[in-house]
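Working notes, structure below.
The values are calculated or read from the model by the stated rules, or taken from the named source; none is laboratory data. The structure presented is a predicted model; accordingly, all values stated were derived computationally and were not measured. Cβ placement follows ideal geometry from the backbone for every residue including glycine, while neighbour counts extend to all protein chains displayed. Just so you know, the surface numbers come from the protein's heavy atoms only, side chains and all, with ligands and any DNA or RNA stripped out. Shrake-Rupley method; radii C 1.70, N 1.55, O 1.52, S 1.80 Å.
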Amino acid sequence: MCGIVGYIGDKNGIDIVVKGLQRLEYRGYDSAGVAGISAGKIQIVKKNGRVDVLRQTVEDVKFSSHVGIGHTRWATHGEPSDINAHPHISHKGKVAIVHNGIIENYLSLKKELQKKGKVFLSETDSEVIAHLLEEVLENSAGDMIAALQIVQRTLVGAFAVVILSVDEPNLIYAIKKGTPLVLGIGKGENFLASDGTPLVQYTKSVIYIGDGEILRLSANDFQIYNSDIQEISHATSVLEMEMSMIEKDGYAHFMLKEIYEQPKTILDSMRGRIAADMSEVKLGGINNYAPQLYNANRYLFLACGTSYHAGMVARYVFEQLCRVSCEVDVASEFRYRKPVIHAGDAIFAISQSGETADTIVAIEEAKHHGANIFGICNVVGSTISRVSHEGAYTHAGVEIGVASTKAFTAQLTVLYLFALKIAQSKGTLTPAQIKQYCSELHAIPDQVSEILALSPQILEISKSLKDIHSMLFLGRGVQFPIALEGALKMKEITYIHAEGYAAGEMKHGPIALIDEFVPTVIIAIKDSNYLKVLSNIKEIKARKGKVIAIVNKGDDDIKGIADFCIEIPETSELLAPLLTTIPLQLLAYHTANVRGCDIDKPRNLAKSVTVE
Ligand code: G6P
C-alpha cells in the first residue's frame, strides 16, 4: 500500500526520493508524487500512474531540492488521479504532507476546517492533515513540535505523516501511529521510508519510529520526542537487508526469483532450529512464554491472504501432532464475530509484512482477552513482531513479489517447527517420530529444487490455460489449503477466475461448473485421501473437464486419466504442502506470463495492506 520516502542532505533530494519510490513500487500503488523546497516555496509534482511517469516529469522540469518528501498512493478515499495523489499542501502553502494510513475522523475535521475557509482540492482523507497542521501552527506561534503534538492527538486512525515546512526549509518532521516509518541515518544526510528497501543503498543504520513519537530531522541530526514532548533516545538497529535482495538478479520477475529462492529460504527458516542429530527442535524466540505455549488448551491461527492459508495448514498439523483443539480465522473477521477467547489461549499471528492492519486489530482483540500472542513474521522489527508476546521470524529475506511465495513456504516451515516443538514437550510424538519429521523436513529443500526443475514442463501446461476464463483448484485434507493458495496465486496474477475448493465438496456445488472449458487443478498425491481424490478425477473426466494433476513420481494410474500430470517427490502427508505448493506457484507464474500480465505489479493489489 502507500509508501513514503523522505530525504534531507546535500544531494538532489528529489532524485533520491523518486528512486526510493521506485523501490517501494512493490507495495502496490496507483499514483505518486514528490515535494521539495526551491526558490523559497514548496514545489510539488504528482502524477497518476507509474513512478516512471513522475520520474520523467521531474527530469523534464529539472526539479531539484536538498530536501524532499515523496509518496506512492494506493487509493482509498477518492479515485487515483493527479489531484488525489500526495503530497498535499496546506491552504496558505506553508506545509506539505505525505500520509500513509487512514484518518477516520477526517470528515468532521474537514467540515470544521471548511467552515474556517480552508479550500480542499482533493477527495482524500489525508489533505485534512495539511490544513489542520497549518491552522494549529498559527495558534502555536510556529512551534512545529507543539503543533504536531496537537495534530497527533486530534487525528483518529492510523498514520505515518512526513512534513515539509516552508518556514523551516532545513528540516523534515514526522509523526506516526500504527503505520511503519523508518529513519535511515547517513553521513551529512538522513532518510525516511516506510520500509528498508529505499534505504539499504545508502545506510544500514536505522531507527524504527515508535507510535505517538514526533521526529525532527535535519541533514546532520535528529531529535525524537514522545507524546509529552520529552526528548527520547532510541538505539539504532542494523537493517537486515542486502542490495541483492531487492534486485531481480537476472530473473525476469521478482516473483520468479523468489520462487527459485525457496530451497534456500526454507533452509534459512529452519537453520539452527533443528538439532544436528535431528532429535529435537529448538526455538530461541519462545523462551519466556514456553509454558504458556506448551500448556495452552487451544491454538488459534490469525492471518490474511496467503498467510491465512499457512494458518489453515497449521490447523491440520497442530491437531494431528499436538492433539490440541485448533481454530483458524481470517483476521479481518475475527474481532467482528465477537470471538470466545479464553485467557491463556495461544494465538499465532502470521504475517509476512508484520504490518497487516486486520491482523494487528485481531491481535489487539485477543490480547485484550488475555491470550498469549506468538508472532510469525518475515519483516524484522515489524509492528506484529513487536506487539506479539514472543514468536519466531521466518527469515525468508525481503519478499518483493506481490504474490507471496517464499514467505509462505517459510511460514509453513516455522509452523511445522512450532508443532514439533509442542508435540515434543507434550509427548504426543515419540522421539523416533520427531526424528523422522525433522529428517524429512531437512530433506525438503532438495526436493523443492527437484520440483523447480519441472518449470519447462509447467510452462507447456500453462500455454493450455492462456485463454480460459475460469478454473477450479481441488485438494483434500492438508492439501485443501494448498488448493486455496493455488487458486489465490492464479487469480492474483493472471486475473483468471480461480476457485479453490475442498475436493470432497466438489459434488456439492462446483461440479456444476465443469465442462471442457473449465479446467481443474487437483492435488492427488499418495496420501490418506488418495483413493477419494482419484474418484474426484474420474468424476471430472466423466464431465469432459480437463485435469491437471499434482501426483507423486511414478503414479501411472492417474497418468492414464489426467490430461497433464506434474510429478513430485514424496514426503510425509503433513509436510507435503511444502512440495505441492511449488508447482502451483510456477503454474500461476507461467500462465500470467503467457497471458502478458504484469506479474510483479498485479492490478489493484498491495503487498502490505495497512488499512482495515
Ligand atoms: C496482501 C498481499 C497478500 C498477503 C496478505 C497478508 O493482501 O497481497 O500477498 O498474503 O496481504 O499479508 P501479510 O503481510 O500479513 O502476510
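Among the listed residues 563, 556, 598, which satisfies the condition of being assigned by TED's automatic domain parsing to the domain that holds residue 458 and touching a strand residue (DSSP E or B) at 6+ places or on another chain (Cβ under 7 Å)? Even if it seems obvious, please write down each step before you answer.
Working: 556 fails: touching a strand residue (DSSP E or B) at 6+ places or on another chain (Cβ under 7 Å); 598 fails: touching a strand residue (DSSP E or B) at 6+ places or on another chain (Cβ under 7 Å).
It is 563.
Tell me which residues, restricted to the stretch 585-603, are in contact (Cβ under 8 Å) with a residue 12 or more places away in the chain and either part of a loop (DSSP other than H, G, I, E, B) or not hydrophobic (A, V, I, L, M, F, W, C) (or both).
Step one: of the stretch 585-603, the residues in contact (Cβ under 8 Å) with a residue 12 or more places away in the chain are 585-595, 597, 599-603.
Matches in the stretch 585-603: 585, 589, 590, 591, 593, 595, 597, 599, 600, 601, 602, 603.
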Report summary line: Restricted to the stretch 563-595 and to residues being within 30 Å of residue 194 (Cα to Cα) and of a type in the set (Gly, Ala, Ser), the residue nearest to the ligand (Cβ to nearest atom) is 588
Report summary line: When every residue in the stretch 370-399 that is open to solvent by less than 10 Å² (accessible area, probe 1.4 Å) and in a loop (DSSP other than H, G, I, E, B) is compared, the one nearest to residue 239 (Cα to Cα) is 382
Report summary line: Filter the stretch 427-440 for residues that are part of a helix (DSSP H, G or I) and touching a helix residue (DSSP H, G or I) at 6+ places or on another chain (Cβ under 6 Å); the one that is least open to solvent (accessible area, probe 1.4 Å) is 434
Query - Selection within the stretch 261-310 - more than 17 Å from residue 389 (Cα to Cα), β-branched (Val, Ile, Thr) and more than 16 Å from the ligand (Cβ to nearest atom) - result: 266, 274, 281
Requested in this report: Tell me, yes or no, whether the stretch 320-342 has at least one residue that is in contact with a Lys or Arg (Cβ under 7 Å, 6 or more places away or on another chain), more than 12 Å from the ligand (Cβ to nearest atom), open to solvent by less than 20 Å² (accessible area, probe 1.4 Å) and not β-branched (Val, Ile, Thr).
Outcome: yes
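Quick test for you: out of 531, 584, pick the one residue that is open to solvent by 40 Å² or more (accessible area, probe 1.4 Å), under 20 Å from residue 478 (Cα atoms) and of a type outside the set (Val, Ile, Thr).
On the way: 584 fails: open to solvent by 40 Å² or more (accessible area, probe 1.4 Å).
Being open to solvent by 40 Å² or more (accessible area, probe 1.4 Å), under 20 Å from residue 478 (Cα atoms) and of a type outside the set (Val, Ile, Thr) holds for just one of 531, 584, which is 531.
Here is a yes/no grid of residues against (1) surrounded by 23 or more Cβ atoms within 10 Å (Cβ to Cβ); (2) closer than 25 Å to residue 77 by Cβ; (3) touching a residue at least 24 places away in the same chain (Cβ under 8 Å):
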position	(1), (2), (3)
128	yes, yes, yes
133	yes, yes, yes
140	no, no, no
143	no, no, no
154	no, yes, yes
157	no, yes, yes
163	yes, yes, yes
167	no, no, yes
Requested in this report: Please find, within the stretch 70-101, the residue that is modelled with the lowest pLDDT out of those that are over 14 Å from residue 121 (Cβ atoms) and either in contact with a Phe, Trp or Tyr (Cβ under 8 Å, 6 or more places away or on another chain) or among the hydroxyl-bearing types (Ser, Thr, Tyr) (or both).
Outcome: 76
Query raised in the report: among the small types (Gly, Ala, Ser), over 24 Å from residue 537 (Cβ atoms) and free of Cβ contacts under 8 Å to residues at least 40 places away in the same chain, is that true of residue 404?
Result: no
Query raised in the report: Name the strands (runs of 3 or more DSSP E) wholly within the stretch 444-537 that hold at least 1 residues that are touching a Gly at 6+ places or on another chain (Cβ under 6 Å) and either touching a residue at least 24 places away in the same chain (Cβ under 8 Å) or more than 27 Å from residue 604 (Cβ to Cβ) (or both)?
Result: 470-475, 520-523
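Results for (1) closer than 24 Å to residue 354 by Cβ; (2) within 16 Å of the ligand (Cβ to nearest atom), shown as yes or no for each residue.
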{"site": "387", "(1), (2)": "yes, yes"}
{"site": "408", "(1), (2)": "yes, yes"}
{"site": "421", "(1), (2)": "yes, no"}
{"site": "424", "(1), (2)": "no, no"}
{"site": "432", "(1), (2)": "no, no"}
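Which is assigned to a helix (DSSP H, G or I), within 16 Å of the ligand (Cβ to nearest atom) and open to solvent by 10 Å² or more (accessible area, probe 1.4 Å), of 414, 361, 402?
Values: 414 fails: open to solvent by 10 Å² or more (accessible area, probe 1.4 Å); 402 fails: assigned to a helix (DSSP H, G or I).
Only one candidate passes the filter, namely 361.
Kindly establish whether residue 265 is touching a helix residue (DSSP H, G or I) at 6+ places or on another chain (Cβ under 6 Å) and outside the structural domain of residue 381 (by TED's automatic domain parsing).
Numbers: touching a helix residue (DSSP H, G or I) at 6+ places or on another chain (Cβ under 6 Å): yes; outside the structural domain of residue 381 (by TED's automatic domain parsing): no.
So residue 265 does not fit the description; no.
Which one of 191, 120 is of a type in the set (A, V, I, L, M, F, W, C), part of a loop (DSSP other than H, G, I, E, B) and open to solvent by less than 50 Å² (accessible area, probe 1.4 Å)?
120
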Requested in this report: Taking residue 77 as the residue in question, decide whether it is surrounded by fewer than 18 Cβ atoms within 10 Å (Cβ to Cβ), under 28 Å from residue 612 (Cβ atoms) and in contact with an Asp or Glu (Cβ under 9 Å, 6 or more places away or on another chain).
Outcome: yes
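Answer yes or no as to whether residue 239 is closer than 28 Å to residue 345 by Cα and aliphatic (A, V, I, L, M).
On the way: closer than 28 Å to residue 345 by Cα: no; aliphatic (A, V, I, L, M): yes.
It is false that residue 239 is closer than 28 Å to residue 345 by Cα and aliphatic (A, V, I, L, M).
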**Report entry** the stretch 198-236, residues that are within 18 Å of residue 186 (Cβ to Cβ) and charged (D, E, K, R)
**Finding:** 204, 216, 221
